[in-house]
Amino acid sequence: MSSAIEIPRQSAQVSVSPSASPLAERSIHSRIKQTSSAGMAVRQPKVLHPLENEDLRLLLLENISQEAVRAFQAQGFTVDHSAKAMSEDELVEKIGQYHAIGIRSKTKITERVIKAATKLLVIGCFCIGTNQVDLNTASKAGIPVFNSPFSNSRSVAELVISEVVGLSRQYFERGYEMRQGIWNKQSKGCWEVRGKTLGIVGYGHIGSQLSVLAEAFGMRVLFYDIINIMPLGQARQVESLTDLLQESDFVTLHVPELPETTNMISQAELAHMKKGAYLINNARGKVVDIPALIEALKSKHLAGAAIDVYPAEPGANGAPFDDSLNVWSTELRQLPNVILTPHIGGSTEEAQRMIGEEVSLALSRYLNYGGSVGAVNFPEVDLRAITADQGHNVRICHVHNNIPGVLRQVNEVLSPYNVEKQYSDSKGDIAYLMADIADVSPQDVNKLRELISRTSANILTRLLV
Ligand SMILES: NC(=O)c1ccc[n+]([C@@H]2O[C@H](COP(=O)([O-])OP(=O)(O)OC[C@H]3O[C@@H](n4cnc5c(N)ncnc54)[C@H](O)[C@@H]3O)[C@@H](O)[C@H]2O)c1
């Protein structure tokens, strides 16, 4: 994992000396190569440091990987880590000393916590969702929140492929019978998947991965999406959901949970599906009307289903999955050829590792370089790197209220300098400006920060030098 966190080194420019090879002088080709290599000397990025926070402190909770801890330590951050989540009271007591916090889903970053977080610059959610953070309060405090929404796409796609085969061969049923001590060898109603049609609803990160895997199995792939998307391989986009339902042997859902996708597959849609087809839902629980699905399975219109997500899901492992949670749980559990899994679509070691890499990288990038691309609650801004030969360049990272007149005030402060590059964007009430200023003398650096911090819309101003 540490390999994913690139720490640009402050090294001299790389150039190729013409005398590097004894053969060089002998051939025209070598001479041409030398000339062009020398002309393309690589300009190394400068390593930036926060002006006021040489000793940045990070708090990593909920057993975030040791690789992430080591990678942060290697960058000179002081890291405190714990395998456990913290309660709101514990956080309120401790958060004041930290510049960054990394959590998973159990630690709640509430308004009270953010108000106590006087030094906090950034929050990393080492997971998919960000519901555990009060995003609005965080953005108002100038704190971006990063997560890792797509690192488990491949894991979900692989689970779906296994379910396509599992449903087709009924092996979950057979395996269950074996565990009861029953030998029940069958071929009736069991099929190869080669040549069958897979209908993918939602051709995003997961749907498109799945498309490639399914074709490798010899399946024909159709997809339906609300936007026009270039198909991968031989896949074909269809005009309507009904077209897809009528043509597919397997229908698999990969759309987000939205008002438009709630009960997207209900009685009428199930009736459009081919007799003997299968339905797979690894998207979100509310996308399928489960009582309607139960009826379609009981009437044998559908030959099976695989469900990984439910309208209501238990909060912890070991909790019952019964009718107190969803009134139809018992009925669903008793149906043949229905694969039920506890929301494990994206749960693999690889996905966890990728989440660790992606979120660590986002936190380091923001702390060291100011780039906020990928933040969920904050304007997404980045600038190309300051190079090592631009020794006295300074980067300004200015979070401010999104009101008229801010740029005029900031640019007045910057007017005596050469602004090498500047970029600003807004999201709701918050705006973020990054600017690289050339040749700022060490005596001027503090003055610059102070003047910008004093502008009327200032939320947070950092200088990276
Ligand atoms: N089971 C799990 O563990 C697990 C893990 C990861 C993601 N998911 C879920 O999988 C779903 C898809 O994830 P993704 O990363 O591929 O998302 P994505 O945003 O990359 O793709 C979603 C696609 O759905 C399309 N879409 C949106 N509304 C639609 C509609 N009404 N009809 C047809 N298409 C529509 C979008 O245009 C987009 O192409 C999400 O609901 C996500 O929460 C589940």
Residue in region 291-299 that is in the same structural domain as residue 330 (by TED's automatic domain parsing), within 30 Å of the chain's Cα centre (by Cα) and away from the ligand (no atom under 12 Å from the Cβ) present: no
Looking at region 134-142, can you tell me whether even one residue there is within 16 Å of the ligand (Cβ to nearest atom), surrounded by 22 or more Cβ atoms within 10 Å (Cβ to Cβ) and either over 30 Å from residue 244 (Cα atoms) or among the aliphatic types (A, V, I, L, M) (or both)? no
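Quick check on my filter: what residues within region 255-293 are of a type in the set (Val, Ile, Thr) and surrounded by 18 or more Cβ atoms within 10 Å (Cβ to Cβ)? Break it down stepwise before answering.
Step one: list which residues in region 255-293 are of a type in the set (Val, Ile, Thr), which gives 255, 261-262, 265, 280, 287-288, 290.
Selection gives 255, 261, 265, 280, 287, 288, 290.
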Only listed residue being surrounded by 20 or more Cβ atoms within 10 Å (Cβ to Cβ) and within 16 Å of the ligand (Cβ to nearest atom), chosen from 345, 370, 356: 345
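Is it fair to say residue 378 is closer than 23 Å to residue 455 by Cα and of a type in the set (Phe, Trp, Tyr)? Outline the logic, then answer.
On the way: closer than 23 Å to residue 455 by Cα: yes; of a type in the set (Phe, Trp, Tyr): yes.
Against the criterion (closer than 23 Å to residue 455 by Cα and of a type in the set (Phe, Trp, Tyr)), residue 378 qualifies.
Suppose we filter region 259-268 for residues that are more than 24 Å from residue 304 (Cβ to Cβ) and more than 6 Å from the ligand (Cβ to nearest atom); how many remain? Walk me through how you get there before you give the answer.
Let us first name the residues in region 259-268 that are more than 24 Å from residue 304 (Cβ to Cβ), namely 259-260.
Applying the additional criterion that residues be more than 6 Å from the ligand (Cβ to nearest atom) yields 259.
The total comes to 1.
To keep it simple, each residue is scored yes or no on (1) free of Cβ contacts under 8 Å to residues at least 40 places away in the same chain; (2) within 33 Å of the chain's Cα centre (by Cα); (3) assigned to a helix (DSSP H, G or I).
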{"residue": "389", "(1), (2), (3)": "no, no, no"}
{"residue": "399", "(1), (2), (3)": "no, yes, no"}
{"residue": "421", "(1), (2), (3)": "yes, yes, no"}
{"residue": "459", "(1), (2), (3)": "no, yes, no"}
{"residue": "463", "(1), (2), (3)": "no, yes, no"}
Restricting attention to region 282-304, report how many residues are part of a strand (DSSP E or B), within 25 Å of residue 155 (Cα to Cα) and touching a helix residue (DSSP H, G or I) at 6+ places or on another chain (Cβ under 6 Å). 1
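Please indicate, with yes or no, whether at least one residue in region 316-324 is acidic (Asp, Glu) and within 21 Å of residue 161 (Cα to Cα). Don't jump to the end; show me each part of the working.
Applying the first criterion (acidic (Asp, Glu)) to region 316-324 yields 322-323.
Subsequent filtering for residues that are within 21 Å of residue 161 (Cα to Cα) retains none.
Taking every residue of region 316-324 in turn, none turns out to be acidic (Asp, Glu) and within 21 Å of residue 161 (Cα to Cα).
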In this structure, does residue 444 turn out to be outside the structural domain of residue 366 (by TED's automatic domain parsing), modelled with pLDDT of 95 or more and either more than 23 Å from residue 136 (Cβ to Cβ) or β-branched (Val, Ile, Thr) (or both)? no
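So, of the residues in region 120-132 that are hydrophobic (A, V, I, L, M, F, W, C) and in contact (Cβ under 8 Å) with a residue 60 or more places away in the chain, which turns out to be nearest to the ligand (Cβ to nearest atom)? Even if it seems obvious, please write down each step before you answer.
Our first condition is that a residue be hydrophobic (A, V, I, L, M, F, W, C); within region 120-132, this holds for 120-123, 125-128.
With in contact (Cβ under 8 Å) with a residue 60 or more places away in the chain added as a condition, the list becomes 121-122, 125-128.
On the way: 121: 28, 122: 24, 125: 14, 126: 15, 127: 11, 128: 6 Å.
Only one residue tops the list, namely 128.
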Please indicate, with yes or no, whether at least one residue in region 256-264 is modelled with pLDDT of 95 or more and in contact with a strand residue (DSSP E or B) (Cβ under 7 Å, 6 or more places away or on another chain). no
Output the residue which, of all residues in region 143-181 that are in a loop (DSSP other than H, G, I, E, B) and of a type in the set (A, V, I, L, M, F, W, C), is surrounded by the fewest Cβ atoms within 10 Å (Cβ to Cβ). 150
For residue 407, all conditions in the list (1) within 16 Å of the ligand (Cβ to nearest atom); (2) of a type in the set (A, V, I, L, M); (3) under 30 Å from residue 138 (Cα atoms); (4) without any contact (Cβ under 8 Å) to a residue 40 or more places away in the chain hold save one; what is the number of the exception? (1)
Going through 104, 179, 112 one at a time, which residue ends up being basic (Lys, Arg), more than 30 Å from residue 215 (Cα to Cα) and touching a Phe, Trp or Tyr at 6+ places or on another chain (Cβ under 6 Å)? 104
Of the conditions (1) within 16 Å of the ligand (Cβ to nearest atom); (2) in contact with a strand residue (DSSP E or B) (Cβ under 7 Å, 6 or more places away or on another chain), residue 278 clears all except one; give me its number. (1)
Is it the case that region 314-322 has a residue that's more than 16 Å from the ligand (Cβ to nearest atom), crowded, with 16+ Cβ neighbours inside 10 Å and either within 21 Å of residue 159 (Cα to Cα) or touching a residue at least 12 places away in the same chain (Cβ under 8 Å) (or both)? no
Restricting attention to region 177-198, which residues are in contact (Cβ under 8 Å) with a residue 24 or more places away in the chain and on the phi < 0 side of the Ramachandran plot? 192, 193, 194, 196, 197, 198
Is there a residue being in contact with a helix residue (DSSP H, G or I) (Cβ under 8 Å, 6 or more places away or on another chain) and of a type in the set (Gly, Ala, Ser) anywhere in region 316-333? no
Select from region 197-249 the residues that are crowded, with 23+ Cβ neighbours inside 10 Å, more than 9 Å from the ligand (Cβ to nearest atom) and of a type in the set (Val, Ile, Thr) and write down the one among them that is nearest to the chain's Cα centre (by Cα). 200
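The values are calculated or read from the model by the stated rules, or taken from the named source; none is laboratory data. Remember, predicted model here, so these are calculated numbers, not experimental data. Here Cβ is always computed from backbone atoms with ideal geometry, including for glycine, and neighbour counts include all displayed protein chains.
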